[in-house]
Amino acid sequence: MITITPAASALLRDILAAETDADALGIKVLVTTTGCSSYSFSIAMTEPGASDRVTWIDGIRLLTTESEEAFLDGLIIDRNRENGRLQIFHPTQLQGGCSLP
């Protein structure tokens with residue numbers, strides 16, 4: 001399960017509401033590898049795709065794919081109190097496989 005803090009939720013709702021097609025948009029969480037050791041997360045504002053699963057969290061349409069859900073379990077989306085920007089982190093450092101010596 002993904003957690004969106006109240007501060008992050010308020011910011012995401014404001015960002016979505018500013019779009020003319022806000023009713024069609026959601027927040028998609030993307031997983032990327034950062035080499036052999038770990039994963040990185042980002043978000044995008046987009047319309048749901050055919051393979052997206054839609055979950056509503058605090059009024060936000062959250063989009064994920066089945067293949068990435070295992071990586072997203074436990075993920076936290078928060079708003080940095082110092083700079084106001086969103087931050088995405090996983091409390092458990094996920095490790096990727098690496099075939100490099």
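Observations
- Scanning the range 6-30 for residues that are touching a helix residue (DSSP H, G or I) at 6+ places or on another chain (Cβ under 9 Å), open to solvent by less than 30 Å² (accessible area, probe 1.4 Å) and within 16 Å of L75 (Cα to Cα) turns up I27, V29.
- Every residue from the range 36-47 that is touching a Leu at 6+ places or on another chain (Cβ under 9 Å) and more than 24 Å from R85 (Cα to Cα): C36
- Considering residues of the range 48-85 that are of a type in the set (D, E) and free of Cβ contacts under 8 Å to residues at least 24 places away in the same chain only, the residue surrounded by the most Cβ atoms within 10 Å (Cβ to Cβ): E69
- Residues in the range 31-41 that are closer than 21 Å to I2 by Cα and either surrounded by fewer than 11 Cβ atoms within 10 Å (Cβ to Cβ) or at pLDDT 90 or above (or both): T32, T34.
The values are calculated or read from the model by the stated rules, or taken from the named source; none is laboratory data. In this text, all values refer to a predicted model and were calculated from it rather than measured experimentally. Don't worry about glycine lacking a Cβ; one is built from the backbone with ideal geometry, like all the others, and counts go over all protein chains shown. Accessible surface areas use protein heavy atoms only, side chains included; no ligands, DNA or RNA. Shrake-Rupley method; radii C 1.70, N 1.55, O 1.52, S 1.80 Å.
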